[in-house]
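The structure under discussion appears below in the form of structure tokens.
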Amino acid sequence: MDRVRDKIIPVLTILAALVAVWYVAAVFMNAPFQRDLDRRAGETPGTIEFIGKTLSQPKPTMPAPHQVAQNFFENTFLRKVTSNRSLVYHSWVTLSSTLLGFAFGTALGILIAVGIVHVTALDRSLMPWIIASQTIPILAVAPMIIVVLAAIGVTGLIPKALISTYLSFFPVAVGMVKGLRSPEVMHLDLMHTYNASASQTFWKLRVPASVPFLFASMKVAVAASLVGAIVGELPTGAVAGIGAKLLAGAYYSQTIDIWAALVAGSVVAAMLVVLVGLVGKLVERSMGGRPA
Amino acid sequence: MMNSKPSWQVGLALLLCAIAMTTMPLLAAEAPAPMSSGTTSLIIGLIALSGVASFAMFSGVASAAVLFIGAHGAAWLLLSGIAGNEGMARMPYFLLLAAAWLLAWRCVAILSGLKPTSPQIRTFLRLLIPAIFGAWILIIWEAVTRGAGIPFILLPPPSAVAARIANSLPILAADVRQTIFKAVLFGYVVGCGAGFVVAILADRVGFLRRGLLPIGNMVSALPIIGVAPIMVMWFGFDWQSKAAVVIIMTFFPMLVNTVAGLAASGHMERDLMRTYASSYWQTLFKLRLPAAAPFIFNALKINSTLALIGAIVAEFFGTPVVGMGFRISTEIGRMNVDMVWAEIAVAALAGSVFYGVVALVERATTFWHPSVRGGRA
């Protein structure tokens, strides 16, 4: 009951307010064009009729929520998933390169973290660069990776996945280094008194201690990975994927399509983050962790 | 002294030198400007001598210095030897390069093992070690792209990128002005400011906080960058649409972090303020905002990168004929890869400077915080 009062009601209220603002904004932003249309047609509609018209333009400046919802619903559930217009199809194209890149990125991030924790020279020389690289707008290299790889004949999934890898390995590496270093001196000393070897300490103490950190950074990484995949679809005029859908919408002023693609991207992102969170919870529970 | 014991890196480097000597010459026979045998033996001599000498030194500093000179001297000779012979390098060339790199690795390993007492030397080492690492990335990049003759379109050597930067400073400056000084700065200030104000509002009204916070957390995972085409449609091709994307991207991190920061001050301190009969605003300005400063600066740092990304990617959707994102997307279409790399180098530099400025301001304003003071919380 507390949960309903403290969380759900405020969130729903704010969301409802946002939708209301959205409708008002849609009316005002579409009004000039509609007035123009009516003047040319020589019509003088009443206020209610006029508002109704602003909310049902085929290419509105600001599509109304129900138009976006309708477009999203039609293109998600009513079309065959193999159809070029199906959002499920485009989402799947983006999702597959996201997942591939995310898997590469996580593996690479963990590998680098293990190296950094165990080799002092790597820690001192590589870690500053990893942190510095966080300050760089890495996404700017996305078009180059795509075009350059296309020039040597690598197209399709791999270049996009590479961008996702690039974006997702930083959070994982940084989080994993923190996690592998999280055991306290007491615990490390305890392992020492057991005469544990370095690999035993690693597998029995450091790895279990790093799991919560790993999943926290994987949540960030999977979101970054999706952004990488979407941006990776922009520069080459890719034919499929959420990014391609956004670009096509921008070219042909199909505003409703853009918004629906945005919604699809958000749904995919939310699903991915929730999924990683769930897996994290399951893993922690199976390792005997208790909810904090 | 443990540091000057024989190490596997130096051993392997010597072995690579020996293999390289049996498979001479360094460059293909038809190379137009072949390396003289004097240069070749100088390179091998430098590597072998400095490797062996590093064993004989009695102090870690001395053997690191010898290795540093040997590795970088050899690398410099190797790089200057490739001039005019692009794509002609043979296997021994790369073996010697690898040997020099191993010496540098050994040098870094010794340096990271040092535990100097003076803080100046410690700072120097903290800068020198990553600098050597970065330099070797550039050396290997340069040597491999030019030595193996990798097509220019695939990966231009760093020297070509540097030359391109030097030759097109006016264009780069115009792009920076358009993207960073117009779109990024305006969007960053407005976005962060709006996030901050809404966070204060949310702090005052509990209902708003409980509703906004879960939404804000959710939004941070969404690909907000996708609003770029919509903003370009609404606000036109010029910098205003990019600033709008930046505003949207920076708003939520600021909101979430500030709200978290405002909750960071302890009950004890708040109770103390109550016993002083201080008003809400007094408590806010004298206790809670200073306590929230580390969180706010964290958001400012995250946003400095996000703002650049937002502005550059938004330019992929249409701009006037100037701007960093515009330059990247058009020059790549014309296969001027060196210009793209130049633009990326400038973007990286701008991102680091932006971040550095925020970090400096943080140091100056939160000087009392344990993480800045170097003490313990």
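The values are calculated or read from the model by the stated rules, or taken from the named source; none is laboratory data. Keep in mind that what you see is a predicted model, and the values were worked out from it rather than measured. We place every Cβ from the backbone using ideal geometry, glycine too, and count neighbours over all the protein chains shown.
The condition (being at negative phi, within 14 Å of chain A (Cβ to nearest Cβ) and not in a helix (DSSP H, G or I)) is satisfied by just one residue among B:LEU212, B:LEU222, B:LEU201: B:LEU222. Would you check if there is a residue in the range A:228-241 being under 22 Å from B:GLY310 (Cβ atoms), in the same structural domain as A:LEU100 (by TED's automatic domain parsing), of a type in the set (A, V, I, L, M) and not in a helix (DSSP H, G or I)? Yes, the conditions are met somewhere in the range A:228-241. Is there a residue in the range B:281-291 that is at the interface with chain A (Cβ under 7 Å from one of its Cβ atoms), among the small types (Gly, Ala, Ser) and over 16 Å from the mean Cα position of the chain (by Cα)? No, because not a single residue in the range B:281-291 is at the interface with chain A (Cβ under 7 Å from one of its Cβ atoms), among the small types (Gly, Ala, Ser) and over 16 Å from the mean Cα position of the chain (by Cα). Just so you know, in the range A:112-141 the residues that are in contact with a Gly (Cβ under 6 Å, 6 or more places away or on another chain) and closer than 30 Å to B:ILE225 by Cβ include one that is surrounded by the most Cβ atoms within 10 Å (Cβ to Cβ), and it is A:PRO137.
Report the residue count in the range A:225-237 for those that are of a type in the set (A, V, I, L, M, F, W, C) and either surrounded by fewer than 24 Cβ atoms within 10 Å (Cβ to Cβ) or without any contact (Cβ under 8 Å) to a residue 60 or more places away in the chain (or both). Before the answer, list the steps.
First pass over the range A:225-237, keeping only residues of a type in the set (A, V, I, L, M, F, W, C): A:226-227, A:229-231, A:234.
Imposing the further condition that a residue be either surrounded by fewer than 24 Cβ atoms within 10 Å (Cβ to Cβ) or without any contact (Cβ under 8 Å) to a residue 60 or more places away in the chain (or both) reduces the set to none.
Result for the range A:225-237: 0.
In the condition set (1) within 11 Å of another protein chain (Cβ to nearest Cβ); (2) crowded, with 20+ Cβ neighbours inside 10 Å, B:LEU128 is compliant with all but (2).
Whether any residue in the range B:97-104 is more than 23 Å from A:MET127 (Cα to Cα) and touching a residue at least 40 places away in the same chain (Cβ under 8 Å) is what I want to check. Within the range B:97-104, one or more residues are more than 23 Å from A:MET127 (Cα to Cα) and touching a residue at least 40 places away in the same chain (Cβ under 8 Å). Of the residues making up the range A:244-271, those that are facing chain B (nearest Cβ under 8 Å) and surrounded by 18 or more Cβ atoms within 10 Å (Cβ to Cβ) are A:LEU246, A:LEU247, A:GLY249, A:ALA250, A:THR255, A:ILE258, A:TRP259, A:ALA261, A:LEU262, A:GLY265, A:SER266, A:ALA269.
Within the range A:11-33, one or more residues are of a type in the set (Gly, Ala, Ser), assigned to a helix (DSSP H, G or I) and touching a helix residue (DSSP H, G or I) at 6+ places or on another chain (Cβ under 8 Å).
In the range B:12-38, how many are in contact (Cβ under 8 Å) with a residue 12 or more places away in the chain and either touching a Gly at 6+ places or on another chain (Cβ under 6 Å) or outside any helix (DSSP H, G or I) (or both)? Write out each step before concluding.
Going residue by residue through the range B:12-38, those that are in contact (Cβ under 8 Å) with a residue 12 or more places away in the chain are B:12-14, B:16-17, B:19-21, B:23-28, B:30-35.
Narrowing the set further to residues that are either touching a Gly at 6+ places or on another chain (Cβ under 6 Å) or outside any helix (DSSP H, G or I) (or both) leaves B:13-14, B:23-28, B:30-35.
Of the residues in that region, 14 qualify.
Checking A:GLY156, A:GLY179 one by one, the residue that is on the phi > 0 side of the Ramachandran plot, assigned by TED's automatic domain parsing to the domain that holds A:ALA229 and out of contact with any Gly (no Cβ under 7 Å at 6 or more places or on another chain) is A:GLY156 and no other.
Among the residues here, B:PHE251 qualifies as touching a residue at least 40 places away in the same chain (Cβ under 8 Å) and either touching a helix residue (DSSP H, G or I) at 6+ places or on another chain (Cβ under 6 Å) or of a type in the set (D, E, K, R) (or both).
Restricting to the range B:347-369, and then to whatever is more than 10 Å from every other protein chain (Cβ to nearest Cβ) and within 22 Å of the chain's Cα centre (by Cα), can you tell me which residue is nearest to A:VAL147 (Cα to Cα)?
Filtering the range B:347-369 for residues that are more than 10 Å from every other protein chain (Cβ to nearest Cβ) and within 22 Å of the chain's Cα centre (by Cα), the one nearest to A:VAL147 (Cα to Cα) comes out as B:VAL357.
Please verify whether the range B:118-125 includes one or more residues that are surrounded by fewer than 24 Cβ atoms within 10 Å (Cβ to Cβ), closer than 28 Å to B:ALA345 by Cα, in contact with a Pro (Cβ under 8 Å, 6 or more places away or on another chain) and within 14 Å of another protein chain (Cβ to nearest Cβ).
Of the range B:118-125, the ones surrounded by fewer than 24 Cβ atoms within 10 Å (Cβ to Cβ) are B:118-125.
Filter once more, so that each one left must be closer than 28 Å to B:ALA345 by Cα: B:123-125.
Checking the rest, the ones that are also in contact with a Pro (Cβ under 8 Å, 6 or more places away or on another chain) come to B:125.
In the following step, the residues that additionally are within 14 Å of another protein chain (Cβ to nearest Cβ) were identified as B:125.
For the range B:118-125, residues surrounded by fewer than 24 Cβ atoms within 10 Å (Cβ to Cβ), closer than 28 Å to B:ALA345 by Cα, in contact with a Pro (Cβ under 8 Å, 6 or more places away or on another chain) and within 14 Å of another protein chain (Cβ to nearest Cβ): present.
Tell me, please, whether a residue that is aromatic (Phe, Trp, Tyr) and more than 9 Å from every other protein chain (Cβ to nearest Cβ) can be found in the range B:308-319. The answer is no; no qualifying residue exists.
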